[in-house]
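Asker: Starting off with a structure, shown below.
The values are calculated or read from the model by the stated rules, or taken from the named source; none is laboratory data. Here the structure is a predicted model, which means the values were calculated and not measured. Here the Cβ positions follow ideal geometry from the backbone for every residue, glycine too, while neighbour counts run over all protein chains shown.
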């Protein structure tokens, strides 16, 4: 199974909910060129409000990425895990897993919102973007339009 995984997490607070900070956040890329990495390694990118949404990338073991991958009868079944469940904004039922054939890729986005239990800290948010390709791909694959796009974003209020 030849699978390429890119996981992008963008995180922010209420400071970036409007105006120029929100424009900067919304301009953050949802796909990056791939570095040369081991086959069992995911390309992980983090972008934080505190750093002006500048991307920081690293490699991470595929087993630590919050996505379920299973090869069945020549297709790849892809379903991101929802972590943590209490951070999900209200949304309709989750779409089912995607099945990719060779040379296809999916972009799937989920968002979250959090508040401290006592309400001492303000709200914080994050957006997870999973770019997952099945089969051989070039370094620029995630800079193009995906074969399948699934938007699981709910309202953040």
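Asker: Filtering segment 50-76 down to residues that are touching a residue at least 24 places away in the same chain (Cβ under 8 Å) and on the phi > 0 side of the Ramachandran plot, which residue is surrounded by the fewest Cβ atoms within 10 Å (Cβ to Cβ)?
Answerer: 74
Asker: What are the pairs, 6+ residues apart or on separate chains, where a residue within segment 18-42 that is under 19 Å from residue 123 (Cα atoms) has its Cβ under 7 Å from a residue that is modelled with pLDDT of 85 or more and in a loop (DSSP other than H, G, I, E, B)?
Answerer: Here the result reads 24/52; 24/53; 25/53, each pair linking segment 18-42 to a residue that is modelled with pLDDT of 85 or more and in a loop (DSSP other than H, G, I, E, B).
Asker: Given the criteria over 29 Å from residue 102 (Cβ atoms) and touching a helix residue (DSSP H, G or I) at 6+ places or on another chain (Cβ under 6 Å), does residue 22 qualify? Step through it out loud before you land on a result.
Answerer: Details: over 29 Å from residue 102 (Cβ atoms): yes; touching a helix residue (DSSP H, G or I) at 6+ places or on another chain (Cβ under 6 Å): yes.
Here the answer is yes, as residue 22 does meet what is asked.
Asker: Identify the single condition in (1) touching a strand residue (DSSP E or B) at 6+ places or on another chain (Cβ under 6 Å); (2) at positive phi; (3) surrounded by fewer than 16 Cβ atoms within 10 Å (Cβ to Cβ) that residue 101 does not satisfy, given that it satisfies every other one.
Answerer: Status for residue 101: all satisfied but (2).
Asker: In segment 4-19, how many are buried (at least 16 other Cβ atoms within 10 Å of the Cβ) and farther than 14 Å from residue 112 by Cα?
Answerer: 5
Asker: Of all residues in segment 25-49, which are modelled with pLDDT under 90, surrounded by 16 or more Cβ atoms within 10 Å (Cβ to Cβ) and more than 15 Å from the chain's Cα centre (by Cα)?
Answerer: If the condition is that a residue be modelled with pLDDT under 90, surrounded by 16 or more Cβ atoms within 10 Å (Cβ to Cβ) and more than 15 Å from the chain's Cα centre (by Cα), then 41 is the only one that fits.
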